[in-house]
Amino acid sequence: MNKIILSGGITRDAELTFLGSTGTPKMSFSLAVERGYQKDKNNKVVDYINCEMIGKHTENLCQYLTKGKALMVEGELNIDNYEKAGEFRSFTKVKVDKVEFQASNNKFEEATVNGEFQELATDDIPF
């Protein structure tokens with residue numbers, strides 16, 4: 001069974017693209033995940049994990065996945081192999097099936113609507 005669960009912070013705003021042949025939306029983002037055990041608490045080791053999610057729901061979800069948000073993702077670890085200039089390389093990413101926003105310290109989060117800030121209760125987010 002190939003199952004991975006990661007919890008971390010989004011390092012850049014999610015990017016939305018569309019697959020050429022079908023036009024299916026694909027969202028890509030990167031997650032900064034701290035390692036569990038670390039001897040030196042002042043110099044924490046962080047892994048940057050590339051993630052992608054495919055499906056119609058990603059068009060709406062993409063606007064909420066912004067830099068700095070705490071997130072938990074569940075999915076499958078994929079290692080893609082390819083050859084470039086006669087050298088074999090590999091690229092690791094997580095194919096995300098489920099996204100869960102982590103609770104923040106505040107009851108409300110700020111969101112931008114038409115250039116103005118508006119408070120949204122986390123219960124009002126449609127997913």
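The values are calculated or read from the model by the stated rules, or taken from the named source; none is laboratory data. These numbers come from a predicted model, not from an experiment. Neighbour counts run over all protein chains shown; Cβ positions are idealised from the backbone, glycine included. Each accessible area value is taken on the protein alone, full model and side chains, heavy atoms only, with ligands, DNA and RNA left out. Shrake-Rupley method; radii C 1.70, N 1.55, O 1.52, S 1.80 Å.
List of remarks:
- Scanning the range 81-95 for residues being loosely packed, with under 10 Cβ neighbours inside 10 Å and in a strand (DSSP E or B) gives a total of 7.
- In the range 17-68, the qualifying residues are those that are in contact with a helix residue (DSSP H, G or I) (Cβ under 8 Å, 6 or more places away or on another chain) and within 21 Å of SER7 (Cβ to Cβ), and the one that is surrounded by the most Cβ atoms within 10 Å (Cβ to Cβ) is MET53.
- Where a residue in the range 19-48 is in contact (Cβ under 8 Å) with a residue 12 or more places away in the chain and of a type in the set (S, T, N, Q) and its partner, wherever it lies, is part of a loop (DSSP other than H, G, I, E, B) and open to solvent by less than 100 Å² (accessible area, probe 1.4 Å), with Cβ under 8 Å and at least six apart: THR24/GLY55; SER28/ALA14; SER30/THR11; SER30/ARG12
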